[in-house]
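Just below is one structure, and these are the notes that go with it.
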Amino acid sequence: MEAAVQSFLRSSEDLKAALEVEVTQPQEHGDLSSSSTDDRSRRILAVVSHRMDYVGGEEGSVLILKRPPGHSIEDLSVEVVYPISGSFSFSVAQARRTTLDLRASVGETGATLGQSRTELTLTIKYELATEIRSHTLITRDTRKLQSFTAECRRLKGIFTRNEFDADFSWLSLYTQESSLKSFSSPIDLRTVNIPLHTRLSPASAGLPGDDAADISIVRENWIYNKAVEEASIGSSARLLIRTGTFNVNGKMPSQDLSPWLRPTKRDSEKSGWISPLKSISPLDILSNPIDEQVTSSLGASSATLAHASSNNNANISDPDLLVLGFQELDLSTEALLYATSTVKEDAWVEAILAGLGERGILYEKLASKQLVGMLIIAIAKKARLSCFGDIRFSAAGAGIMGIMGNKGATAIRMSYTPLAQEISPSPTVLTFVNAHLAAFDEMVERRNSDFHDLSRRLVFDQTDELDSNSYANIASETSRRTVGLFESDVLFWMVHLNYRIDLADGDVRELLASSPGASNIPLLLKYDQLKTAIASGKAFAGFSEHAITHMPSYRYASNTSEDSLRYDRKRKPAWTDRILHMSAPSVRVTQHSYCTHPQITMSDHRPVSADFELNVSTIDKQRRELAASKLYRELWGVEQSSNTPKIKLQPMTLDFGKVYYRRLIRQTLSIQNDGQIPCVYRFVAADAEQAICPQWLKIDPVVGLLRPGELSTTTVTVFVDNSSASRLNLAPPRLDFTLILHTALGKDYFISVTGEYQYTCFANKLTRLTRLPGPVRTMKSPNDRIHARQSVNAPREIMTLINWLMTHVTDPNDLFNGPLEESICMNIRECLDTGDQFPFPQSGEERGPLATAIASILVQLLDSLVDPVVPPYLHARCLQMTSRDEAFELLDEFPPESVNVWISLTAFLHYMALQKLPSQSSTDQADIAERLATVFAPVLLRDDSTGLHTPVSPIGKRKFLLHFIG
Amino acid sequence: MSKQFQFKLVLLGESAVGKSSLVLRFVKDQFDDYRESTIGAAFLTQTVTLEDQTTVKFEIWDTAGQERYKSLAPMYYRNANCAVVVYDITQTASLEKAKTWIRELQRQADPSIVIALCGNKLDLSARRQVTEEEASKYADEEGLLWSETSAKTGEGVNAIFNAIAKKLPLTAPPSARGARAAAPGTTRQNVDLNRQPTARGGEACNC
């Protein structure tokens, strides 16, 4: 036992005495007779001393240690700590008769030869100004009790003599385990999903910030993850959830709900539909792969669509849980005031079970919560019912006066515990919110603020899950607290948000109606108010939403005032009904479908559904807590150590060689702790106003913790995107940057990053391109240029691409249809920069891929221009042009280099639109022009990124371009 | 109770003149014959007590001397109250480099900065290239503290830091801008006596 306790302690503490005891209830809570005497009351009582080498002193404390039943003696944890100070006292007495009787049943196990059979009670007291804390313990081991009491007296004597030097800060290590409460409910999703380094104190070279506070943040995070990792038993549980949202417009169920309720293969196929133009969309081509990598590592974009056929089986199997949100269940005014009737709810539950058809008997209602017109219902598979527990509800009004329930939210929180043998798995907390926010286009700010308001007000009562072994907890009052919405592992919002599309009514309808069906959805979503709110962080920051491929769910007409798509002419169509989620990194969430169900026509909205698959790795709860306390002890007190952290870096210089536009290069840096103590490190900027590294460089991870001897690998990535290239193109080619790695409470280390930037024709101004003396790579200095009088009419790079396409492309479909191969694209970009000849298709080889690559490079080059071909101040004018002649007249106002590019390009597009299509082609001539305009208009008339000029209608831009190519 | 002051000190100078060795001698009274070149900046603290019982705590940034890291030096000498610019008495070029650093400090650092010029490697005086007269004359002209030291033998090391401590304005506390946030480890001997009984006691049963 002594060995186990000593190994539990840190090296700076010595065990002075230890003995086995049994606890009774504390004296202020009832008498002794009620105590039970099984394993659960056994404790180890220890007196330990802490040597303070730097002052030559010593401090003592009594620890009461326990171990979970069935665990080995190494798995100790601290229950109570009593510092041996002036407030500490103890007394020993013969045990009372009643207690002795109770002891008799377990007598044999506790008593050993040579020990007295007498039972003694030891009372430990700690007197504070406001209260007295005490413990009463029973032991039979009088010999060890004697050494215990002797040590306590000695240590108290030391304390009394040097009272003013007492500190006891070392004890925080043992009491800090209380911070493991973080395991009792999930960490706020808004915290776990933000990069760790953003939570640290501001720091830069020579100004390290608050290292001690940073150490504790990094350590907390590291221990949490490490404990989870160590407690993971290697298997994971799968949970299928189908969520739905439906604004029923006050209607009672009158149709079969099965399409909405039962996952079909078709749902996922519909969601997987990809626009044929997607592969050439500049938005996709030009996204920065580093950013994607960063976001995915944060778990922020964990929603991925499963295309693999193996997953299709998962899609169509029955969900374990159905959670459905209804809005406008009851539109009557009485409902606002009374809302107690469950008549409507019962009818909907019945309709749901009916809609599940023959599978209905497998399900049972688990929970529901209604607030006026908003109802949330959870239905679970009977076989999995026992997995769901701790169900809590919450509701908050956000309607009239901010409290009435015509708008607002209802929510259900539940814990899901996978079935497991032998261990008690850690539960996963799922929270589902059904909300209905303010209506009308112009109320977007109100909706954003409603979201924040509801996020704050939707709270759940929680009775802390008490460890029944812990008598200390029984002693305290049952602790009640509330937990917020975001203290979940997975949070779903299945909502009628009322967010609209910020485009003119006519534009929205025209874009929805144009062929090929639904191909304009990605464009429309750029104007979606919810997407805008998420991107700007104004609301739903950090939430993921699966790509929308379905038509807007609102508002369908029930009478004659409908348009060709059956939308109500009086209301602009919108995706008002949405399903979003946010999840902790520990849960893998895969979304299998996201669609509307047009067959269900009873309401002015169409119901929306989404299928989710959750993979939760099974964590042994007890093992996790033990691992965490062990790690806490190991890592505590780093900031108190007299040692300084030491690390070794390999290599000290990262040479990236030639650095090309849009060619990702990755190198690794190994960081090893070769010091005596754990080390927390972080990369810092040279200056508070600067970033840690320039835009073309990324490091991951930025923060870390290493125990002595441990080694970690940091990835250093170079990637030059348009924004970096626009600056690098104007600077000397030598790349030289020093990364600063700061070790908390230690040194700053420098790592040199070098490279040779290769100039590119991408990401320049048109005026610069027209004055280059030759191919960009032949320039001797970034200032090399020819006189304005000698400048070429249009950049030769753009002309080279257009000439190639004019010469080689006979079928306009080749511009879009080939597979886009990055290696070919890279090759073509290189030819543009060096002036080399383009690769020619070998005889017999498909021309498609090369044509598609060159067309997409043309789009990329135009899109990379620092200023768009048509200056933003002219966009509004362009849209006013009603005829071909008017449009041509406007060219007089274009800057000269823009006119030349515009004329050459539109001539080419016009030529393409006139090409005779192969007879077997299904597309017609007008479609080709339309399609070319769809691709090129947003690039040539790119919206102003400075916000100086209001973006104009995307349809208008196309029409302007069509004047030239149609 | 005696007064306590805290100052930020930065070491500058050419590579291999012995900046890190000087700090090691001052802070830990140790010397390594073979020290790796500093690639970065090390942070150390040392307290000196003056005759009047005033204590001065130096927060020392020992910076890399290599030319390629020169652009980062301003990050470390900003807000510094004092600077020790080191040269090697056996290398004439290192004094020239020290002069460059001093000019930069006079131009860009806090105008009230106390600068000490320090000729190191006094134990190698047989190979001396920089005379005492030359260096001290320059220091006088520029209004700098000057002395020669040997990090290896320890000669003159404490004296130069003491001289700096005396020259620093000890009437008012230095600006806290440059001061590093105090870590618990650096304050452990200064226990808040009023806080101790209740704060510690309160944790007693809080497990």
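Would it be correct to say that A:Tyr661 is buried (at least 21 other Cβ atoms within 10 Å of the Cβ), over 26 Å from the mean Cα position of the chain (by Cα) and of a type in the set (Ser, Thr, Tyr)? It is true that A:Tyr661 is buried (at least 21 other Cβ atoms within 10 Å of the Cβ), over 26 Å from the mean Cα position of the chain (by Cα) and of a type in the set (Ser, Thr, Tyr). The number of residues in segment A:706-764 being over 22 Å from A:Glu797 (Cβ atoms) and more than 14 Å from every other protein chain (Cβ to nearest Cβ) comes to 15.
Only residues that are away from chain A (no Cβ under 14 Å), touching a helix residue (DSSP H, G or I) at 6+ places or on another chain (Cβ under 8 Å) and outside any loop (DSSP other than H, G, I, E, B) were counted in segment B:11-49, giving 5. Per the conditions (1) in a loop (DSSP other than H, G, I, E, B); (2) within 22 Å of A:Ile217 (Cβ to Cβ), the sole criterion not satisfied by A:His605 is (2). Quick one: is A:Asn827 within 43 Å of the chain's Cα centre (by Cα) and either open to solvent by 10 Å² or more (accessible area, probe 1.4 Å) or over 30 Å from A:Arg734 (Cα atoms) (or both)? Yes; evaluated as a whole, the condition is true for this residue.
If only residues of segment A:123-172 that are open to solvent by less than 30 Å² (accessible area, probe 1.4 Å) and β-branched (Val, Ile, Thr) are counted, the one that is nearest to the other protein chains (Cβ to nearest Cβ) is A:Ile124. Pairing residues of segment A:704-732 that are part of a loop (DSSP other than H, G, I, E, B) with residues that are open to solvent by less than 10 Å² (accessible area, probe 1.4 Å), at Cβ distances under 7 Å and at least 6 apart in sequence or on separate chains, gives A:Arg707/A:Asn673; A:Pro708/A:Asn673; A:Gly709/A:Asn673; A:Glu710/A:Asn673; A:Phe719/A:Ile290; A:Asn729/A:Thr760; A:Asn729/A:Ala763; A:Asn729/A:Asn764. Take segment A:505-541 and flag every residue that is part of a helix (DSSP H, G or I) and either among the aliphatic types (A, V, I, L, M) or not assigned by TED's automatic domain parsing to the domain that holds A:Tyr554 (or both). Of everything in segment A:505-541, those that are part of a helix (DSSP H, G or I) and either among the aliphatic types (A, V, I, L, M) or not assigned by TED's automatic domain parsing to the domain that holds A:Tyr554 (or both) turn out to be A:Val508, A:Leu511, A:Leu512, A:Ala513, A:Ile521, A:Leu523, A:Leu524, A:Leu525, A:Leu530, A:Ala533, A:Ile534, A:Ala535. Mind checking whether some residue in segment A:756-776 is in contact (Cβ under 8 Å) with a residue 60 or more places away in the chain, part of a loop (DSSP other than H, G, I, E, B) and basic (Lys, Arg)? Yes, the conditions are met somewhere in segment A:756-776.
For A:Gln622, the criteria (1) in a helix (DSSP H, G or I); (2) under 23 Å from the mean Cα position of the chain (by Cα) hold in every case but one, which is (2). For segment A:548-567, a tally of residues being open to solvent by less than 50 Å² (accessible area, probe 1.4 Å) and modelled with pLDDT under 85 returns 3.
Only a single criterion out of (1) farther than 20 Å from A:Asp687 by Cβ; (2) more than 9 Å from chain A (Cβ to nearest Cβ); (3) free of Cβ contacts under 8 Å to residues at least 24 places away in the same chain is not satisfied by B:Lys70, namely (1).
A quick yes/no check of all residues on (1) modelled with pLDDT of 90 or more; (2) closer than 20 Å to A:Gly966 by Cα; (3) surrounded by 17 or more Cβ atoms within 10 Å (Cβ to Cβ); (4) not β-branched (Val, Ile, Thr):
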| residue | (1), (2), (3), (4) |
| --- | --- |
| A:Leu850 | no, no, yes, yes |
| A:Ser856 | yes, no, yes, yes |
| A:Gln860 | yes, no, yes, yes |
| A:Gln880 | yes, yes, no, yes |
| A:Phe908 | yes, yes, yes, yes |
| A:Leu917 | no, yes, no, yes |
| A:Ser922 | no, yes, no, yes |
| A:Leu948 | no, no, no, yes |
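Note on segment A:224-241: residues that are over 18 Å from A:Asp489 (Cα atoms) and assigned to a helix (DSSP H, G or I) amount to 1.
Assess whether A:Thr618 counts as being in contact (Cβ under 8 Å) with a residue 24 or more places away in the chain and either open to solvent by 20 Å² or more (accessible area, probe 1.4 Å) or of a type in the set (Gly, Ala, Ser) (or both). It is false that A:Thr618 is in contact (Cβ under 8 Å) with a residue 24 or more places away in the chain and either open to solvent by 20 Å² or more (accessible area, probe 1.4 Å) or of a type in the set (Gly, Ala, Ser) (or both). Taking the residues in segment B:50-67 that are part of a strand (DSSP E or B) and within 12 Å of chain A (Cβ to nearest Cβ) as candidates, determine which candidate is nearest to B:Arg103 (Cα to Cα). The residue in question is B:Thr63.
Being within 14 Å of another protein chain (Cβ to nearest Cβ) and either part of a loop (DSSP other than H, G, I, E, B) or open to solvent by 20 Å² or more (accessible area, probe 1.4 Å) (or both) is the filter here; which residues of segment A:683-692 pass it? Passing the criteria: A:Ala686, A:Asp687, A:Ala688, A:Glu689, A:Gln690, A:Ile692.
Among the strands (runs of 3 or more DSSP E) confined to segment A:368-475, there are none with at least 3 residues that are modelled with pLDDT of 80 or more and outside the structural domain of A:Leu356 (by TED's automatic domain parsing).
Between A:Ala851, A:Ala855, which is under 38 Å from the mean Cα position of the chain (by Cα) and either among the β-branched types (Val, Ile, Thr) or within 26 Å of A:Glu930 (Cα to Cα) (or both)?
It is A:Ala855.
Is it fair to say A:Ala314 is outside any strand (DSSP E or B), closer than 27 Å to A:Thr264 by Cβ and either at pLDDT below 80 or of a type in the set (Ser, Thr, Tyr) (or both)? Criteria met by A:Ala314. If we scan segment A:665-674, do we find a residue that is within 14 Å of another protein chain (Cβ to nearest Cβ), at pLDDT below 95 and surrounded by 14 or more Cβ atoms within 10 Å (Cβ to Cβ)? Scanning segment A:665-674 turns up at least one residue that is within 14 Å of another protein chain (Cβ to nearest Cβ), at pLDDT below 95 and surrounded by 14 or more Cβ atoms within 10 Å (Cβ to Cβ).
The values are calculated or read from the model by the stated rules, or taken from the named source; none is laboratory data. All values reported here derive from a predicted model rather than from experimental measurement. In this analysis, Cβ positions are derived from the backbone assuming ideal geometry, glycine residues included, and neighbour counts consider all displayed protein chains. Please note that ligands, DNA and RNA were not included when accessible areas were found on the heavy atoms of the full protein model with its side chains. Shrake-Rupley method; radii C 1.70, N 1.55, O 1.52, S 1.80 Å.
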